[in-house]
Every structure is written in structure tokens, then in C-alpha cells.
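Reviewing the structure listed below.
The values are calculated or read from the model by the stated rules, or taken from the named source; none is laboratory data. All figures in this text were calculated on a predicted structure; none of them were measured in a lab. Quick reminder, even Gly has a Cβ in these numbers, built from the backbone with ideal geometry, and neighbours come from all protein chains shown.
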Amino acid sequence: MFDLIIIGAGASGLFLGANIKGKKVLILEKKDRAGIKILMSGAGRCNLTNIEDIKGFVERFNNKSFVRKCLYKFDNNKLIDYFTSRGLSTYTDKNGKVFPKSDSSKDVLKLLLSECNKNGAHINYNEKVIEINKNEKFTIKTSKGEYEAKNVVIVTGGMSYPTTGSEGDGYSLAKNLGHKIINYKPALTSVNVKDYSFTELSGISIKDSRVKIFRDTKKVMEYIGDILFTHKNISGPGVINISREILKGDVIKISIVSDYENEEVFRAKVKKDISESSKNIKNVLKGYEISERLIDKIIQLSDIDVNKKDLSKKEINRLISNLIEFEFEVTSLDGFNKAMVTSGGIDVEGVNSKTMESKIIAGLYMAGEVLDIDGETGGYNLQFAFSSAMAIAYSIRR
Ligand SMILES: Cc1cc2nc3c(=O)[nH]c(=O)nc-3n(C[C@H](O)[C@H](O)[C@H](O)COP(=O)(O)OP(=O)(O)OC[C@H]3O[C@@H](n4cnc5c(N)ncnc54)[C@H](O)[C@@H]3O)c2cc1C
């Protein structure tokens with residue numbers, strides 16, 4: 001009989017195994033390797049967390065009141081200390097994102113596996129958990145056999161990038177034990193739009209673009225963030241972070257110029273600059289820190305002759321509208337194959353936010369992305385995976 005069986009050797013499962021001492025622990029992993037998503041995270045660099053003050057950190061999640069306790073108890077500074085004190089130095093980029101100094105997610109995984117090993121938390125690979133039952137103790141049925149345990153932890157992740165092993169198994173395991181599942185859908189995705197004409201600008205970004213979402217001509221949200229044009233769609237934190245709010249058919253308006261304080265003042269300034277300058281329009285726009293290729297594109301899409309000096313009122317207004325609110329119609333969002341996280345999952349109403357223990361079944365715990373928790377890009381999701389796992393470790397150690 002095991003003290004603890006952890007289902008899933010991903011970010012949460014490994015961190016828990018790495019932080020439980022003196023207990024008989026078994027980790028069951030359905031893939032032939034551990035931490036596949038950790039390896040892909042941050043494009044192979046693993047954006048571990050973010051140095052944002054913990055008060056603001058909490059605001060980056062959907063269910064803020066649920067994430068608060070575990071994030072305050074084991075915060076970003078404690079996580080950084082955890083890794084640095086075990087020999088993995090980190091650095092912080094200009095956006096506050098924290099990475100291992102080696103820029104290699106392999107080093108993060110190596111450290112976690114070594115800590116699990118030190119604690120005697122054994123990992124069984126290629127063993128999928130199919131069913132959990134509880135009477136006096138838990139019985140865990142897998143593709144290879146059956147185990148008994150005093151405590152069970154579901155850390156099977158969400159549904160995104162299913163080839164990494166997270167295929168939503170945790171939802172049915174928890175549902176069978178009486179937990180409610182909140183409708184899940186892809187989150188943190190790029191946005192596909194009608195008549196996308198920025199393919200050749202792939203890789204070009206706009207810093208602090210003002211992004212507005214309109215539904216049936218009504219503005220439903222406004223957000224400021226960087227935009228990245230890819231070869232086939234619009235990406236970057238400016239749309240990725242609000243993608244869970246965007247629907248097919250919405251109109252998305254992005255500012256080509258970096259954020260401006262006041263739209264009217266900005267409009268008047270551009271008008272004045274264009275009418276008073278002896279330069280051609282392209283040279284006027286260069287003063288607004290827009291990439292040259294993007295300037296060419298916007299001039300072209302505004303149907304303006306780049307060499308013309310005296311632009312008509314109509315032409316100036318068209319150009320300014322495009323600079324402030326370039327419009328796209330949303331056709332779809334990327335699916336689970338490309339979403340960085342899943343929104344929805346196990347309803348947090350049924351889970352104790354201090355210990356991550358089920359309120360329905362004693363000894364059953366859940367952490368990480370399998371819960372109805374999703375954060376913005378920038379290291380927030382891994383921090384939650386680690387902090388929620390740590391909450392279980394604190395609870396079980398007692
Ligand atoms: C491309 C990409 C890049 C990302 N980059 C970042 C980043 O840089 N920073 C950041 O903060 N977040 C990032 N994320 C999000 C982050 O990786 C996840 O939120 C985090 O890994 C979730 O951890 P988890 O332990 O809950 O789930 P996972 O890490 O997904 O682990 C779940 C594990 O459970 C196993 N499993 C599932 N079902 C079963 C079963 N029935 N039996 C046994 N085992 C099972 C799976 O095989 C898997 O190993 C990224 C996500 C993606 C897809």
C-alpha cells in the first residue's frame with residue numbers, strides 16, 4: 001500500500017514527488033517519458049515564473065480567489081530560491097519572465113527528476129490510470145494492474161497539446177468520484193482572421209498595442225499587449241492572453257502604433273504631423289517607431305500612394321483609422337493542438353484552496369492545469385502548477 005499515488009509526471013506531479021519526503025510514493029505516467037510539456041515550455045527555454053509582485057500575479061488568473069492562498073504560501077521568490085539553491089541559476093528578461101540561466105528546459109526536468117529520485121518517489125512509465133475507487137482506501141486501476149493507496153493526486157494536466165499526454169483523462173477520473181467539470185476549451189491561442197494580409201510580415205511585432213474586441217458592434221473588451229504577426233494569424237500576448245474571451249465573428253481592432261494616452265490627442269497629432277511635414281508619408285510615420293515593413297503595408301492597405309505629398313482629408317483619416325484601429329474579423333481560434341493551456345476543468349468549488357484536497361472525498365487531491373485554473377502567458381501557469389503541488393506537499397507532510 002502506498003502513502004501517495006500521483007497520477008501524471010508533469011510539472012505538478014514531479015514537483016510534488018520532489019517535495020515529499022519519508023513517504024511511500026508512486027508516480028504513474030502514461031507516456032514513456034516524464035515532463036514532456038516542461039520540455040516544450042517557453043520554446044524549450046522554460047519560462048518558470050514571473051517576478052511580478054505576488055498581488056499582481058494573482059490577478060493574471062481566472063479564479064483569483066482560489067489561486068491566492070497557494071501562490072502567497074509558495075510564491076515566485078520561493079520558487080526561484082528552490083531552483084537556485086539546488087544549483088539551477090535563473091535570469092529575468094525585460095518583461096519579468098524568469099528562465100533557467102542555461103536557457104534549457106532540460107535542466108529543469110533533470111533537477112525535478114533527480115529530486116524525486118532522492119526522495120524515493122518511483123515513476124512507472126507507460127502506465128495509464130483508468131479508474132480510481134475509494135472505500136477504506138483508494139484502489140487505482142491502470143493499463144497494467146491495480147494499486148492501493150492512502151492518498152491519490154490527480155495531476156493529469158488539461159487538454160492542450162494532447163500528444164504530450166494531457167488528453168483530459170483527469171476530468172473523467174474526477175467526475176467518476178463526484179466532481180463537477182467546468183466546460184473546457186482551448187486558451188492562450190493565436191487568432192485566425194478573414195483575409196489575413198500580413199503573411200509576409202511574419203515575425204514583426206507591435207509593442208503595447210491597444211487591442212479592442214467588438215461583438216455585434218459593441219465593444220466587449222480592451223487590452224494592452226504586444227502583437228506578433230505570424231505567417232498565418234495574429235499572435236503575441238496582446239491577443240493570446242484574451243483569447244479565452246474571443247469568439248468567431250468578433251471584430252478585433254489593434255493599434256499599429258504602440259499605446260497612446262488619448263485617442264483624440266493622438267489623432268490630432270498625426271494629422272498635424274502629416275499636413276505640416278514636407279516629408280512623404282512613409283518618413284512621417286517612421287517617427288512613430290513602427291517597423292518600416294509594417295509602415296509600407298499599412299500605407300498600401302490604406303490605398304495611399306507612398307510618394308504623394310499632399311494627401312486628401314479622406315486619405316489622412318483612412319490612414320489614421322488604420323493606425324489606431326486596424327480591423328480584422330475573427331474566423332476561428334487555434335484548437336487544443338496549438339493552445340498553450342486549457343480553460344475550464346475540475347470545478348474549484350469542490351476543492352480546498354489551501355490544501356488542494358477534494359471537499360467530496362478525503363485523501364483525494366488535485367493540482368495544476370486539470371483544475372479550472374488558467375493564467376496568462378509569462379510563467380504564470382507553471383508557477384501555479386508548482387505552487388498548487390506544494391500546497392499538497394505541505395498538507396501531506398503534516
Ligand atoms: C507549447 C507550450 C508552451 C508552454 N510554455 C509555458 C511557459 O513557458 N511557462 C508557463 O508557465 N507555462 C507554459 N505552458 C503551460 C504549462 O506547461 C502547463 O500549464 C503545465 O505544464 C501544467 O502542468 P500539469 O502538471 O498540470 O500538467 P502537464 O505538465 O500537462 O502534465 C500532465 C501529465 O499527466 C500525464 N497523464 C495524463 N493522463 C494520465 C493518465 N490517465 N495516467 C497517467 N498519466 C497521465 C501526462 O502524460 C503528463 O505527463 C506551456 C504550454 C505549452 C503547451
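With the condition kept exactly as written, say whether any residue in the stretch 16-29 is near the ligand (Cβ under 6 Å from one of its atoms), in the same structural domain as Glu146 (by TED's automatic domain parsing) and under 23 Å from Glu131 (Cβ atoms). Scanning the stretch 16-29, I find at least one residue that is near the ligand (Cβ under 6 Å from one of its atoms), in the same structural domain as Glu146 (by TED's automatic domain parsing) and under 23 Å from Glu131 (Cβ atoms), so the answer is yes.
Considering the stretch 39-51 alone, what residues qualify as being of a type outside the set (Lys, Arg) and either within 11 Å of the ligand (Cβ to nearest atom) or surrounded by fewer than 14 Cβ atoms within 10 Å (Cβ to Cβ) (or both)? Let's see the steps before the verdict.
Going through the stretch 39-51, the residues of a type outside the set (Lys, Arg) turn out to be 39-44, 46-51.
Result: Leu39, Met40, Ser41, Gly42, Ala43, Gly44, Cys46, Asn47, Leu48, Thr49, Asn50.
Looking at Lys110, Lys73, which is the one that is under 27 Å from Gly165 (Cα atoms), surrounded by fewer than 21 Cβ atoms within 10 Å (Cβ to Cβ), assigned by TED's automatic domain parsing to the domain that holds Gly158 and not acidic (Asp, Glu)?
Values: Lys73 fails: under 27 Å from Gly165 (Cα atoms).
Answer to the check: Lys110.
Of all residues being near the ligand (Cβ under 6 Å from one of its atoms) and touching a Leu at 6+ places or on another chain (Cβ under 6 Å) in the stretch 1-15, which is nearest to Gly379 (Cα to Cα)? Just the residue, please. Break it down into steps so the answer makes sense when it comes.
To start, the set of residues in the stretch 1-15 that are near the ligand (Cβ under 6 Å from one of its atoms) comprises 7-13.
Then keep just the ones that are touching a Leu at 6+ places or on another chain (Cβ under 6 Å); that gives 7, 11.
Values: Ile7: 23, Ala11: 12 Å.
Ranking the candidates gives Ala11 first.
I'm trying to understand the selection: among the residues of the stretch 120-135, which are surrounded by fewer than 16 Cβ atoms within 10 Å (Cβ to Cβ) and touching a helix residue (DSSP H, G or I) at 6+ places or on another chain (Cβ under 9 Å)? The answer is His122, Ile130, Glu131, Asn133. In the stretch 379-398, the residue that is modelled with the lowest pLDDT out of those that are surrounded by fewer than 24 Cβ atoms within 10 Å (Cβ to Cβ) and farther than 26 Å from Asn176 by Cα is Arg398. Does the stretch 248-255 contain at least one residue that is over 16 Å from Glu329 (Cβ atoms) and either surrounded by fewer than 15 Cβ atoms within 10 Å (Cβ to Cβ) or free of Cβ contacts under 8 Å to residues at least 40 places away in the same chain (or both)? No, the stretch 248-255 has no match at all. For the stretch 340-386, a tally of residues being away from the ligand (no atom under 12 Å from the Cβ) and not in a loop (DSSP other than H, G, I, E, B) returns 9.
The condition (being within 14 Å of the ligand (Cβ to nearest atom) and out of contact with any strand residue (DSSP E or B) (no Cβ under 6 Å at 6 or more places or on another chain)) is satisfied by just one residue among Ile54, Ile36: Ile36. Quick check on my filter: what residues within the stretch 162-185 are more than 7 Å from the ligand (Cβ to nearest atom) and out of contact with any strand residue (DSSP E or B) (no Cβ under 9 Å at 6 or more places or on another chain)? Correct list: Pro162, Thr163.
Every residue, every condition in (1) within 16 Å of the ligand (Cβ to nearest atom); (2) at pLDDT 95 or above, yes or no:
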| site | (1), (2) |
| --- | --- |
| Lys286 | no, no |
| Ile290 | no, no |
| Arg293 | no, no |
| Lys297 | no, no |
| Glu327 | no, yes |
| Thr331 | no, yes |
| Lys338 | yes, no |
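Could you tell me whether Lys271 is closer than 24 Å to Gly203 by Cα, modelled with pLDDT under 95 and surrounded by 13 or more Cβ atoms within 10 Å (Cβ to Cβ)? Criteria not met by Lys271. For Ile154, the conditions (1) at pLDDT 95 or above; (2) surrounded by fewer than 22 Cβ atoms within 10 Å (Cβ to Cβ) are fulfilled apart from (2). For the stretch 86-96, the count of residues that are surrounded by 14 or more Cβ atoms within 10 Å (Cβ to Cβ), more than 11 Å from the ligand (Cβ to nearest atom), under 21 Å from Leu39 (Cβ atoms) and in contact (Cβ under 8 Å) with a residue 60 or more places away in the chain is zero.
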